[in-house]
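The values are calculated or read from the model by the stated rules, or taken from the named source; none is laboratory data. Bear in mind that the values here come from a model prediction, so they are computed numbers and not experimental data. We place every Cβ from the backbone using ideal geometry, glycine too, and count neighbours over all the protein chains shown.
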Amino acid sequence: MKDSHLKKSSPTGRFSIFGALGFALLSSACCWLPLLLISIGVSSAGAGAFFEAWRTPLLVLTFLLLGSGFYLVYFRKPTCNPDGTCNQIDHRNTRRNKIFLWIATLLILPSAFFPQYSSFLIQEGHSSPEQTASKKEKTIYTIQGMTCGGCAMSIKAALEKIEGVASVEVSYEKGETSVHWNSTPNDKIVIETLEKLSYTVARKKG
């Protein structure tokens, strides 16, 4: 009778699952990374635009690796040696891998598609009646290059640092920002500030 032995856990399968999770996080970094950098006081200039340019390739790699993980866990056949002996599947380890795979999948999907639903989770700032009474003027700017609601938050934080700005409202859906001033509006500084963040900006007429 030919001997057989238990099949060990596949390091390739684990690599596929961890790799898919890592690429999923990177694919949505265009949205969450600027928020993280702002929260720790670091400039987020160009971070969102860089990862947005690589979003599609990263998503492709994410789902290729995730698909590879499902293949290795569910469909890969035991390997056989030249002498005809085959590895015996360790069913306990297989169950663990399946649980791990589905947990990873539940983490990967929300991470990969975070830019699509982030605007519903991020509340845009609104000003109080007291603030409105003290404002002299409002200017509106169109913004090209926002990829999700996280961009709106990074824009708001950057513009609120400008001297003379009373409050800022940013709409990801409309692709524009409204700047309320306590002093004379300064279009140049607004445009320069947002262009440093890799956005294309123009003052809205009318």
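A few remarks follow.
- Reported count of residues in segment 32-44, each being at pLDDT below 70 and surrounded by 17 or more Cβ atoms within 10 Å (Cβ to Cβ), is 1.
- Flag if THR79 is β-branched (Val, Ile, Thr) and either modelled with pLDDT of 80 or more or surrounded by 12 or more Cβ atoms within 10 Å (Cβ to Cβ) (or both): no
- Close pairs (6 angstrom Cβ cut-off, 6 or more residues apart or separate chains): part of a helix (DSSP H, G or I) in segment 49-78, basic (Lys, Arg) anywhere: VAL73/LYS98
- Pair list, Cβ under 7 Å, 6 or more apart: segment 83-103 residue under 18 Å from LEU65 (Cβ atoms), other residue modelled with pLDDT of 75 or more and in a helix (DSSP H, G or I): ASN97/VAL73; LYS98/VAL73; PHE100/ILE17; LEU101/ILE17; LEU101/GLY69; LEU101/PHE70; LEU101/VAL73
- Any hit, segment 171-193, residues being within 17 Å of CYS30 (Cβ to Cβ), among the hydrophobic types (A, V, I, L, M, F, W, C) and modelled with pLDDT of 85 or more: no
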